[in-house]
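The values are calculated or read from the model by the stated rules, or taken from the named source; none is laboratory data. Bear in mind that the values here come from a model prediction, so they are computed numbers and not experimental data. Counting neighbours? That spans all protein chains shown, and the Cβs are built from the backbone with ideal geometry, glycine included.
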Amino acid sequence: MNSGKTVFSQLLDLLPHHEFRKCVKRYRGNYKIKLFSCMDQFLCMAFAQLSYRESLRDIEACLRSMQNKLYHMGIRGRVSRSTLAKANEQRDWRIYEDFAKELIAQARTLYADEPFGLDLQQTVYALDATTIDLCLSLFPWAHFRKRKGAVKMHTLLDLRGSIPTCVFVTPGKTHEVNLLDELILEPGSIYVMDRGYLDFARLYTIHEARAFFVIRAKKNLQFRRHHSSPVEQTAGLRSDQTGVLTGFYPSRYYPETLRRIRFYDAEKKKSLVFLTNHFHLPAFSICELYRCRWQFELFFKWIKQHLRIKAFFGTSENAVKTQIWIAISVYVLVAIVKKQLQIDRSLYSILQILSITLFEKTPILQVLSDVELRFNTHRPIAN
């Protein structure tokens, strides 16, 4: 007798199914499809992401072993690796991109007041990219180097809750700085970037949009100081200066005043130089903003663990982008669950726990609480 829903079913009950149907209809995803719908495809791929499946055969074997539970999990069609492979190859990946954006909008509303380490009212974004290596002979469309293929995942991350707000998947040879042209800039927001995005013409575009940026400077920066402010050297600060660029092209691309802050990281024994057009924040807060940018590591760590080379379930561009966008959807869905259930765990920890409890018929909140209880129960008692 079915005494309750599986953890997987409870998790997917939180999906906005109406919005998913709208995305499918927009791209005619279920046109002439009778046995294996776009929702079946999404659920199978979501299961693969949550349970760390390695191949289509792996997905097929695991789901068929739970055949009597699939209907209650929402999977209506018969699961086979050939059917799933065909769906990944042929169904428009933009269905899952649009649906991921719907989930992102929902998550950002939930995390609007989430603290991220600094007491700021402004929205703070971090922009970065990660490279996912591919075999060029299997993925000939993913141009990167002469004998190497790759795709780049360019991500704009809202630091409140580590929610990806914009994601662009491009061939590996696309330079990161080009993605600055794709952003819809929000006035008053702060964009934190590494020096790979240092392009003064594009930074001036951010400035003209009345937004702010914090970016690492390169060693060969030509800068003329106009004014210096006192700094607290015990906090690692070395200087806080305002001035202008003096290089021939940089001075023309960015004719306005900039702020240059030098910081020494005693732990890593490394000097860092930051450029910003924000003149009101304390110098140490500017440095802390850049430190908060490392929240990217957690996001990319999870994505890369699920998108290993051997874990791609198709070789076409459509199949790869479908898998990436469904992975992002799962990540954001778990972020929504974390907030709605007020779970005091990292997203990474929640994902690890869900990976081994998907077929348990226990409330999600209880599953996560029991893990902590068992950990405390089995902990050795100190003498």
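Structure notes:
- Residue list for segment 17-34, restricted to those being within 16 Å of VAL332 (Cβ to Cβ) and surrounded by 14 or more Cβ atoms within 10 Å (Cβ to Cβ): GLU19, PHE20, CYS23
- Matching option when the condition is surrounded by fewer than 18 Cβ atoms within 10 Å (Cβ to Cβ), out of contact with any helix residue (DSSP H, G or I) (no Cβ under 9 Å at 6 or more places or on another chain) and either at negative phi or outside the structural domain of MET193 (by TED's automatic domain parsing) (or both), among ARG252, ARG291, ARG260: ARG291
- Only one of ALA107, ALA48 that is assigned by TED's automatic domain parsing to the domain that holds ASP158, surrounded by 16 or more Cβ atoms within 10 Å (Cβ to Cβ) and small (Gly, Ala, Ser): ALA107
- SER37 meets all of the listed conditions (1) polar (S, T, N, Q); (2) in contact with a Gly (Cβ under 8 Å, 6 or more places away or on another chain); (3) surrounded by fewer than 18 Cβ atoms within 10 Å (Cβ to Cβ) but one, namely (3).
- When the residues of segment 186-198 are filtered to those that are at negative phi and surrounded by fewer than 16 Cβ atoms within 10 Å (Cβ to Cβ), the one that is farthest from the chain's Cα centre (by Cα) is PRO187.
- Test result for ARG81, of a type outside the set (Phe, Trp, Tyr), under 24 Å from PHE312 (Cβ atoms), surrounded by fewer than 18 Cβ atoms within 10 Å (Cβ to Cβ) and assigned by TED's automatic domain parsing to the domain that holds PRO16: yes
- Where a residue in segment 171-188 is farther than 15 Å from TYR125 by Cα and its partner, wherever it lies, is among the polar types (S, T, N, Q), with Cβ under 8 Å and at least six apart: GLY172/THR131
- For segment 127-159, a residue qualifies if it is β-branched (Val, Ile, Thr) and either outside any strand (DSSP E or B) or buried (at least 19 other Cβ atoms within 10 Å of the Cβ) (or both), and the qualifying residues are ILE132, VAL151, THR155.
- Of the residues making up segment 137-170, those that are more than 21 Å from LYS101 (Cα to Cα) and of a type outside the set (Phe, Trp, Tyr) are SER137, LEU138, PRO140, ALA142, HIS143, ARG145, LYS146, ARG147, LYS148, GLY149, ALA150.
- Residue list for segment 336-347, restricted to those being more than 14 Å from GLN49 (Cβ to Cβ) and of a type in the set (A, V, I, L, M, F, W, C): ILE336, VAL337, LEU341, ILE343
- Selection status of ARG94, charged (D, E, K, R) and buried (at least 17 other Cβ atoms within 10 Å of the Cβ): no
- Selection status of TRP302, in a helix (DSSP H, G or I), without any contact (Cβ under 8 Å) to a residue 24 or more places away in the chain and either surrounded by fewer than 20 Cβ atoms within 10 Å (Cβ to Cβ) or within 12 Å of the chain's Cα centre (by Cα) (or both): no
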